[in-house]
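What follows is one structure encoded as structure tokens, with my remarks underneath.
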Amino acid sequence: MAKITFKLPNGEAKIVDAPNGISLLEVAHKNDIPLEGACEGSLACSTCHIIIEDKARFDELPEPKEDEEDMLDLAFGLTQTSRLGCQIMVNDELDGLVVRLPDATRNMKVK
Ligand code: FES
């Protein structure tokens, strides 16, 4: 079990209890967090794109598989600490992790 903070595009932060063994995408869905996940975790979209707020925590995560990196390249507003939510499985070590949902509108303005 890990406590995960999701920062929503509207600035709201939701702290949720995430059980081990499910993906961050599933955690989001269980808690009404608007992370899309169009392909339901089969690495065929990039709509479950999330941004890990802390670079050190990002570096501790298991490396992404090549398929994940390929999909991430297509993600809108990609950052140095971007991952796909459906590929990160919860375990005790994720406790305290803060992830941000990308704000498509803001990213569009930056580009
Ligand atoms: Fe499609 Fe994660 S839900 S890649």
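A short reminder: the numbers here are calculations on the coordinates, not readings from a lab. If you're wondering where the values come from, they're calculated on a predicted model, not measured in any experiment. Every residue, glycine among them, receives a Cβ derived from its backbone with ideal geometry; neighbour counts consider all protein chains shown.
Overview of results
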quantity	calculated
Relative contact order of the range 1-40, defined on C-alpha pairs under 8 angstrom at six or more residues apart (%)	31
Pairs of lysine residues in the chain - Cα separation under 19 Å, sequence separation of 8 or more or cross-chain	7
Förster radius 35 Å - calculated FRET efficiency between residue 32 and residue 61 (Cβ-Cβ, nearest 0.05)	0.90
Choice from 21, 85, 41 showing the highest fluctuation, given a GNM over the chain with Cα pairs closer than 10 Å	21
Length-normalised contact order of the chain in % [C-alpha pairs under 8 Å, at least 6 apart]	40
Cα-based shape type of the chain, given that a ≥ b ≥ c are square roots of the gyration tensor eigenvalues and the cut on a/c is 1.5	rounded
Förster radius 30 Å - calculated FRET efficiency between residue 1 and residue 76, Cβ distance, rounded to 0.05	0.45
Stretch gain in nm, segment residue 13-residue 43, where the contour uses 0.36 nm per residue and the Cα spacing is subtracted	8.2 nm
Sparse-neighbourhood loop sites, GluC sites (Glu not before Pro) in the range 23-73 - DSSP loop, at most 13 other Cβ within 10 angstrom	40
Inter-label distance for residue 92 and residue 69, nm, one decimal - labels placed 7 Å from Cα along Cα-to-Cβ	3.1
